[in-house]
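Q: Please read through the structure below; I'll follow up with questions.
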Amino acid sequence: MNIDVKINIDLAGVGIPDSKLAREITELVRDTETPLLFHHSSRVYYWGALAGKHHELKFDPELLYAGAMFHDMGLTHQHSSADERFEVDGANAARDFLRSHGIGQYDIDTVWTAIALHTTPGIPQHMHPVVALVTAGVEMDVLGLAYSEYSDAEREAVAHAHPRSEHFKEDIIVLRRHQAQAGDNVRQCEGRRARGQGSALHPRQFLQSDPGLRLARVDLSKFSRSHGHRQRGHTAF
């Protein structure tokens, strides 16, 4: 797919790594993802790298770039599976790519974790800087979190290099909701299959799926009553 990349911006030393690995990542993602996802992923890298600089974190720009650029690869037809969350599909695609380029297992695991957890708030910021910064970049680009931590010049430069579409937020929601619905359909089929095999316990007896938030909620009310505790309703994991 032909995507016009206007410039590789450099803001106080923050730019796309000038390496063979980074160039091949750019080429692969540009040829695989839609312009919407390619520009979004590029902005995620810049937001994450800028956040790392603002907070004086030490991180490998190549690994951050890999995590940012592959983080939504699971939303593409080529890398979407029938039985995994899109985050895991994207993490697996990054793992396979990095492994084929001789990257060490520790670094592969770091990128895999960064992608797999990028929609799981509250955890990444306590982990490796690359894991934390991929999520920080996603949260800035999709939710506008920490918006005030970026200067006007930084925001304008990133948006100029990789423009946001007019309906970016709505388009991203549609993509992710579609993927979540596909995952729900798979889980429902698995539940029916378990019941058909005579299982005494099947998923829909204790899981409530929330495709919007991608959370599984466990009803502990019966457990609490049976142990003499006050009922606390649902606990989200």
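Q: How large is ³J(HN,Hα), in whole Hz, for each residue of the stretch 60-73 in order, when computed from phi with the Karplus curve 6.51 cos²θ - 1.76 cosθ + 1.60 and θ = phi - 60°, using x for Gly and Pro?
A: Once θ is set to phi - 60°, the couplings for the stretch 60-73 become 8, x, 5, 5, 5, 5, 4, x, 5, 6, 9, 5, 10, 4 Hz.
Q: Excluding ligands, DNA and RNA, what is the solvent-accessible area per residue of the stretch 14-144 at a probe of 1.4 Å, expressed in Å²?
A: Numbers: 5290 Å² over 131 residues.
In whole numbers, the stretch 14-144 has 40 Å² accessible per residue.
Q: Of the peptides 106-113, 31-38, how do they stack up when ordered by the mean number of other Cβ atoms within 10 Å, highest first? Write out the running numbers ahead of the final one.
A: Numbers: 106-113: 19.1, 31-38: 17.6.
Order by mean packing, descending: 106-113, 31-38.
Q: Return the long-range amide H neighbours of F59 (sequence gap of 5 or more, or a different chain), with a cut-off of under 5 Å between placed amide H atoms.
A: Hits under the 5 Å cutoff: none.
The values are calculated or read from the model by the stated rules, or taken from the named source; none is laboratory data. Not measured: the values here are computed from a predicted model. Because the Cβ atoms are built from the backbone with ideal geometry, glycine has one as well, and the counts that use them run over all protein chains shown. Ligands, DNA and RNA are excluded from the accessible area calculation, which covers all protein heavy atoms including side chains. Shrake-Rupley method; radii C 1.70, N 1.55, O 1.52, S 1.80 Å.
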